[in-house]
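The values are calculated or read from the model by the stated rules, or taken from the named source; none is laboratory data. Since we're looking at a predicted model, the values are computed, not measured. Methodologically, a virtual Cβ is constructed for each residue, glycine included, from the backbone with ideal geometry; neighbour enumeration extends over all protein chains shown. When the accessible area is computed, the model is the full protein with side chains, heavy atoms only, and any ligands, DNA or RNA have been set aside. Shrake-Rupley method; radii C 1.70, N 1.55, O 1.52, S 1.80 Å.
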Amino acid sequence: MGDSRLLVYFDGGARANGTAFAVAGAGAVVYRDGVKVAEVVLPLPTVRSNNVAEYEGLLAGLHLLGDAGEAEGEECTVRGDSALVVGHLARRMACSEELKPYLTRAALKVSSLQRRLTLHIEHVARELNTDADALSNAAMDLVQRQRPTRQQQETMLANFRRSGLGKALSLIEMGKAYGKEIRIARARRIKVMCQGGIILIAAFIIYDFRFAEPPEVIIPAHVRRKRRADELQAADEAEREARDTRTG
């Protein structure tokens with residue numbers, strides 16, 4: 001594609017990418033008819049990811065378009081050397097959960113600009129993106145100057161651990177770990193006790209079922225009276241028969 005009258009280049013990066021010592025920054029520049037009309041250096045002191053820095057560079061470049069005095073319907077080309085970011089916007093590549101919020105912001109900004117511009121987003125080689133790359137490196141330099149070096153941070157951490165507060169925090173952490181072990185051991189004991197109790201109750205139930213005496217049968221009073229009357233009547237008849245036999 002040939003060059004548009006309005007060109008935006010963006011870039012972002014992170015030194016020691018993905019670590020606690022990462023230094024990130026982004027930059028963007030806008031050209032109209034080959035003349036630089038706007039640029040931005042964007043330090044990112046809280047960013048630890050190179051891909052996030054690239055997205056921040058893209059967003060900065062899109063915001064710069066408002067300072068370029070673009071005309072309605074003007075053609076504009078946005079270029080960056082991040083194949084990942086350009087691939088996301090073109091829906092050619094899957095986006096991770098970490099980058100989805102940035103993709104959403106960029107897509108909304110692009111959609112807003114496309115209402116008044118003919119906007120194209122292209123991937124270019126790094127050697128064709130030198131101005132934006134220099135701006136992002138300048139941003140990283142700013143962050144690095146404001147932050148202690150890795151050696152200084154490690155020294156500060158070691159001094160803190162040797163201090164009274166550091167030792168106190170270490171003891172607190174040890175106490176938390178010991179408390180967690182106690183809670184786990186207690187939960188295990190309760191579990192074993194519950195299992196033992198269930199087994200004991202089951203054993204009592206089985207014993208009662210197999211060896212206990214049968215329950216006493218309760219006979220109603222009127223049935224007992226009738227049985228007693230029958231017994232007395234049978235005894236009278238037996239005595240009468242015995243008397244008859246003696247007299248005969």
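Once amide H atoms are placed 1.01 Å from N in the peptide plane, what residues at a sequence separation of 5 or more from Arg79, or on another chain, have their amide H within under 5 Å of its amide H?
Distant-sequence amide H within range of Arg79: Val8, Tyr9, Phe10, Glu122.
Give me the net charge for the shell around Ile121: Cβ to Cβ below 12 angstrom, other residues only, Lys and Arg +1, Asp and Glu -1.
Computed value for this residue: +3.
Mind checking which lysines have their Cα closer than 25 Å to the Cα of Lys180? Skip sequence neighbours fewer than 8 apart in that chain.
Candidates past the 8-residue exclusion: Lys167, Lys191.
What are the residues whose amide H is under 5 Å from the amide H of Val37, where those residues sit 5 or more places off or on another chain and H is modelled from the backbone?
Amide H neighbours of Val37: Val30, Tyr31, Arg32.
Can you order the peptides 125-138, 14-27, 85-98 by their average number of other Cβ atoms within 10 Å per residue, highest first?
Numbers: 125-138: 16.9, 14-27: 19.4, 85-98: 14.1.
Descending packing order for the listed peptides: 14-27, 125-138, 85-98.
Sort 45-58, 104-117 by the packing proxy (mean of other Cβ within 10 Å over each peptide's residues), most packed first.
Numbers: 45-58: 22.0, 104-117: 13.9.
For the peptides 45-58, 104-117, the packing ranking is 45-58, 104-117.
For the stretch 90-106, just list the computed ³J(HN,Hα) in residue order, Karplus coefficients 6.51, -1.76 and 1.60, θ = phi - 60°, integers in Hz, with x standing in for Gly and Pro.
Values per residue, Gly and Pro as x: 8, 6, 9, 10, 6, 10, 6, 4, 4, 9, 4, x, 6, 4, 4, 4, 5 Hz.
Summing Lys, Arg as +1 and Asp, Glu as -1, what charge do residues with Cβ under 14 Å from the Cβ of Val86 carry, Val86 excluded?
0
With a 1.4 Å probe and all protein chains kept in place, how much accessible area does His120 have, in Å² rounded to the nearest 10?
50
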